[in-house]
1. Hey, residue 63 hits all of (1) touching a strand residue (DSSP E or B) at 6+ places or on another chain (Cβ under 8 Å); (2) of a type in the set (Ser, Thr, Tyr); (3) modelled with pLDDT under 90; (4) surrounded by fewer than 15 Cβ atoms within 10 Å (Cβ to Cβ) but one; which does it fall short on?
2. Checking residue 102 against (1) closer than 26 Å to residue 14 by Cβ; (2) at pLDDT 90 or above; (3) among the small types (Gly, Ala, Ser), which test does it fail?
3. Please go through the stretch 81-98 and pick out each residue that is within 15 Å of residue 33 (Cβ to Cβ) and touching a residue at least 40 places away in the same chain (Cβ under 8 Å).
4. Among 53, 57, 44, which is the only one that is at pLDDT below 85 and either touching a Gly at 6+ places or on another chain (Cβ under 7 Å) or assigned to a strand (DSSP E or B) (or both)?
5. How many residues, within the stretch 101-139, are more than 30 Å from residue 43 (Cβ to Cβ) and crowded, with 16+ Cβ neighbours inside 10 Å?
6. Checking residue 6 against (1) at pLDDT below 95; (2) of a type outside the set (Phe, Trp, Tyr); (3) more than 30 Å from residue 135 (Cα to Cα), only one condition comes out false. Which one?
7. Pick from 109, 128: which is closer than 22 Å to residue 16 by Cβ, free of Cβ contacts under 8 Å to residues at least 12 places away in the same chain and not in a loop (DSSP other than H, G, I, E, B)?
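The values are calculated or read from the model by the stated rules, or taken from the named source; none is laboratory data. Model, not experiment: these values are computed from the prediction. Quick reminder, even Gly has a Cβ in these numbers, built from the backbone with ideal geometry, and neighbours come from all protein chains shown.
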Amino acid sequence: MSMNQILSGMDISASGLTGERLRMEVAANNIANQHSTRTAQGGAYQRQQVTFAAAMAQHGAGSAQDLKGVTVVGVSSDTTPGESIFDPGHPDADETGHVQQSNVNLPHEMVDLVTASRAYEANLKSLETFRQMAEQALSLLRGLR
């Protein structure tokens, strides 16, 4: 494995760390807002979700592409409607006394949080392994002098 391949592997792991960290932040924000019935945009809070895409490096016209990790395409709202509950005394109740709840599902968010955390840990372990390989390669090169 060449040093360039080791550094490329480190870049891939680093992009995964960045993406999974954002995914954990979004899940935590969803959990924090699960009972929000009013937002600045109006209406109940809508669950946010992170979208990833493979990051590719081009080598020129018509040539092969190399994987460069992942990139965050964006954070979007899940437009699935939340539950509507009857609570005529609530300040956000409509004329029929119903309050639109957020569409955040706590068990779903916890699963997202755990899987993002595990993916983060896996990327961190890969990064540590690549670092150790680079250190060993440099040590071997020093010994050749």
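1. Status for residue 63: all satisfied but (1).
2. Looking at each condition in turn, residue 102 falls short on (1).
3. 92
4. Answer to the check: 57.
5. 8
6. For residue 6, the exception is condition (3).
7. 128
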